[in-house]
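First the structure, in the form of structure tokens, and then the observations on it.
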Amino acid sequence: ALTDQGVMHQSAISTRLGLRGIPDCAETVAVASQLLIFEETQSRGHFCNLTSNKATRMVGRARFDGVPVSSDVAIHHLFLTHEHLIDFDGRYLVQPPLRSAEDRQGLIRGLKENIIQAICSDHLPHEADAKLAPLDQVEAGISGLETLLSLVVKLAKVGDFKLNDLLAKVTSEPAEILSLNSGHLAIGAPADVCIFDLNATWKVKGEEFVSQGKHTPFDGWELPAPVTHTFLDGRLVYQK
């Protein structure tokens, strides 16, 4: 009900653009109610795609109080804000929506304080026509899988993170949340290995994505760490 068919983050920008806004309380109210249930039942809970500083602080307080909850954030929420929608570019339309610069900084702090344990791609590919309609009719979502690793490496460089800490948030920590014997190198674990080159860069070109969805707000960005080899269960499945 609070989302109310909104298109983007509710702010002066959404008003100026004439687009229905989604207030951050649409997230915080839901998070608050679930946290109370998790606390009462001591059930494990996981929040997907946190977007707001307020919700992140609420989850952090609950974890401090011993509530068994974890959370993740989509990589694009760590780089982009609602201001990118000023030009009505549908590539930036995602759900949950891009929020303010303050929210983006709050999410980054949440990573540093381990309130947020995982970073996801939130990969949601669409065919090209889905992004060509007016902004209030565009399909939400981006093709995020092929830029995830490089954006994580870039965030480590610009966000004052240790690279190993951020890589754990796309490998071992998500696996731990799901109680999977994966995401790490160990005897008896699946030999799933991704090798990338920290000394090289690549230019994002959506039309060259392997995914059938070619739309990305990072089109044209110069990113670090191109993947050179991928092994799945010990088998070479990709080589640059």
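The values are calculated or read from the model by the stated rules, or taken from the named source; none is laboratory data. If you're wondering where the values come from, they're calculated on a predicted model, not measured in any experiment. No Cβ is skipped: glycine too gets one built from the backbone with ideal geometry, and neighbour counts run over all protein chains shown. In case anyone asks, the SASA skips ligands and DNA or RNA and just uses the protein heavy atoms, side chains included. Shrake-Rupley method; radii C 1.70, N 1.55, O 1.52, S 1.80 Å.
Quick notes on this structure:
- Any pair with Cβ under 9 angstrom, 6 or more apart, that starts in the stretch 70-92 at a residue that is farther than 29 Å from ALA175 by Cα and ends at one that is open to solvent by less than 10 Å² (accessible area, probe 1.4 Å) and assigned to a strand (DSSP E or B): HIS82/MET8; LEU85/MET8; ARG91/ILE142
- Checked against the criterion of being touching a Leu at 6+ places or on another chain (Cβ under 6 Å) and open to solvent by 10 Å² or more (accessible area, probe 1.4 Å), the candidates VAL138, VAL152 yield just one match: VAL138.
- Contact map, the stretch 182-209: first residue on the phi > 0 side of the Ramachandran plot, second residue open to solvent by less than 60 Å² (accessible area, probe 1.4 Å) and outside any loop (DSSP other than H, G, I, E, B), Cβ cut-off under 6 Å, separation 6 or more or different chains; pairs are GLY183/SER172; GLY183/ALA175.
- Residue list for the stretch 190-201, restricted to those being of a type outside the set (Val, Ile, Thr) and either closer than 20 Å to VAL170 by Cα or open to solvent by 60 Å² or more (accessible area, probe 1.4 Å) (or both): PRO190, ALA191, ASP192, CYS194, PHE196, ASP197, LEU198, ASN199
- The set of residues in the stretch 14-35 that are open to solvent by 20 Å² or more (accessible area, probe 1.4 Å), within 21 Å of LEU135 (Cα to Cα) and β-branched (Val, Ile, Thr) contains only THR15.
- SER211 being hydroxyl-bearing (Ser, Thr, Tyr) and surrounded by fewer than 12 Cβ atoms within 10 Å (Cβ to Cβ): no
- Only one of ALA55, ALA118, ALA62, ALA101 that is touching a strand residue (DSSP E or B) at 6+ places or on another chain (Cβ under 8 Å) and farther than 18 Å from ILE177 by Cα: ALA55
- The stretch 1-35, residues that are out of contact with any strand residue (DSSP E or B) (no Cβ under 7 Å at 6 or more places or on another chain), assigned to a loop (DSSP other than H, G, I, E, B) and not aliphatic (A, V, I, L, M): ASP4, GLN5, GLY18, ARG20, PRO23, ASP24
- Members of the stretch 54-106 found to be charged (D, E, K, R) and closer than 15 Å to VAL138 by Cα, listed by number: ASP87, ASP89, ARG91
- Unmet requirement for VAL170, which otherwise passes all of (1) surrounded by fewer than 15 Cβ atoms within 10 Å (Cβ to Cβ); (2) touching a Cys at 6+ places or on another chain (Cβ under 9 Å): (1)
- Residue count for the stretch 163-182, restricted to those that are at pLDDT below 95 and under 21 Å from PRO226 (Cβ atoms): 0.
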